[in-house]
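Working notes, structure below.
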């Protein structure tokens, strides 16, 4: 017997309704418990390493008691708990929420630091295989956000206990971003898109002056301008390379080619 379309529709609607009724939010689960009970339960979950359970408890506390004396610490705990679950995007979002809710809080420096850590982790391994991948599919946004987060921490709280680590991570991110840009410039160069390669390499020289990738960027500028028969900008890039990195293999290779 063939079922009528309207019967199938009613059946599907009933199933969806039943499923939606089974899904409970953290607020539903902890409704009726005091703020102190929920908070202490979340702390206990953190101590046991039950980070997903801790997130649920602290999110429930936030929904049920947004003005409780436990709220600020709960927001900080959510940042950490999300990070430990591996949900780095939610950890960064939770840190951003804390910064906006408590711009003068005692732990804003920690929030900036954890936001930077979370955004850095999202982009782990970003620079290693960029040339082999479709460059249009790669997003450097989170890495740049992390750099800005650490920069904001250092600027606002230079004496923070997290400041030294933030500076070190900024160096790492700067070098990673610079190398990624050089990889893209190389990608263009190998496909004979010399204008795009020169422009991308020039951006590295301008924006990441202390990064090791600047050496490769200057060499790419020289080669790209030569391919375009633009001797003046090629010679200027070569002069900068000679002045700053005379012992680099990139400079020696270019000079060797020039002599032959």
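The values are calculated or read from the model by the stated rules, or taken from the named source; none is laboratory data. The structure displayed is predicted, hence computed values, not measured ones. Using ideal geometry, Cβ is built from the backbone for each residue, glycine included, and neighbour counts are taken over all protein chains shown.
Looking at residue 166, is it modelled with pLDDT of 95 or more, within 29 Å of residue 225 (Cα to Cα), surrounded by 19 or more Cβ atoms within 10 Å (Cβ to Cβ) and touching a helix residue (DSSP H, G or I) at 6+ places or on another chain (Cβ under 6 Å)? Against the criterion (modelled with pLDDT of 95 or more, within 29 Å of residue 225 (Cα to Cα), surrounded by 19 or more Cβ atoms within 10 Å (Cβ to Cβ) and touching a helix residue (DSSP H, G or I) at 6+ places or on another chain (Cβ under 6 Å)), residue 166 does not qualify. Among the residues that make up the stretch 216-224, is at least one of them farther than 30 Å from residue 113 by Cβ, out of contact with any helix residue (DSSP H, G or I) (no Cβ under 8 Å at 6 or more places or on another chain) and part of a helix (DSSP H, G or I)? No, because not a single residue in the stretch 216-224 is farther than 30 Å from residue 113 by Cβ, out of contact with any helix residue (DSSP H, G or I) (no Cβ under 8 Å at 6 or more places or on another chain) and part of a helix (DSSP H, G or I).
Quickly run through the stretch 110-127 and pick out the residues that are modelled with pLDDT of 75 or more and either out of contact with any helix residue (DSSP H, G or I) (no Cβ under 9 Å at 6 or more places or on another chain) or surrounded by fewer than 22 Cβ atoms within 10 Å (Cβ to Cβ) (or both). Please lay out each step first, then the result.
Kept after step one, since they are modelled with pLDDT of 75 or more, are these residues of the stretch 110-127: 110-122.
Within the stretch 110-127, 110, 121, 122 qualify.
Scoring residue 173 on the criteria (1) part of a helix (DSSP H, G or I); (2) touching a residue at least 24 places away in the same chain (Cβ under 8 Å); (3) loosely packed, with under 15 Cβ neighbours inside 10 Å leaves a single failure, condition (3).
Collect the residues in the stretch 188-226 that are under 23 Å from the mean Cα position of the chain (by Cα) and surrounded by 19 or more Cβ atoms within 10 Å (Cβ to Cβ), keeping them in residue-number order.
Kept after step one, since they are under 23 Å from the mean Cα position of the chain (by Cα), are these residues of the stretch 188-226: 200-201, 203-214.
Within the stretch 188-226, 200, 201, 204, 205, 208, 211, 213, 214 qualify.
Scanning the stretch 57-106 for residues that are under 21 Å from the mean Cα position of the chain (by Cα) and part of a loop (DSSP other than H, G, I, E, B) turns up 86, 87.
Looking at this structure, is residue 48 at pLDDT 95 or above, farther than 26 Å from residue 160 by Cβ, surrounded by fewer than 20 Cβ atoms within 10 Å (Cβ to Cβ) and touching a helix residue (DSSP H, G or I) at 6+ places or on another chain (Cβ under 6 Å)? Break it down stepwise before answering.
Details: at pLDDT 95 or above: yes; farther than 26 Å from residue 160 by Cβ: yes; surrounded by fewer than 20 Cβ atoms within 10 Å (Cβ to Cβ): yes; touching a helix residue (DSSP H, G or I) at 6+ places or on another chain (Cβ under 6 Å): no.
So residue 48 does not fit the description; no.
Within the option set 104, 97, being modelled with pLDDT under 95 and surrounded by fewer than 23 Cβ atoms within 10 Å (Cβ to Cβ) holds for one residue only, 104. Given the criteria modelled with pLDDT of 95 or more, farther than 17 Å from residue 241 by Cα and assigned to a loop (DSSP other than H, G, I, E, B), does residue 229 qualify? Spelling it out, residue 229 is indeed modelled with pLDDT of 95 or more, farther than 17 Å from residue 241 by Cα and assigned to a loop (DSSP other than H, G, I, E, B).
Listed here are the residues, each with its yes/no results for (1) touching a strand residue (DSSP E or B) at 6+ places or on another chain (Cβ under 9 Å); (2) in contact (Cβ under 8 Å) with a residue 24 or more places away in the chain; (3) under 15 Å from residue 185 (Cβ atoms).
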site: 222; (1), (2), (3): no, yes, yes
site: 226; (1), (2), (3): no, no, yes
site: 232; (1), (2), (3): no, no, no
site: 236; (1), (2), (3): no, no, no
site: 242; (1), (2), (3): no, no, no
site: 245; (1), (2), (3): no, yes, no
site: 248; (1), (2), (3): no, yes, no
site: 252; (1), (2), (3): no, no, no
site: 255; (1), (2), (3): no, no, no
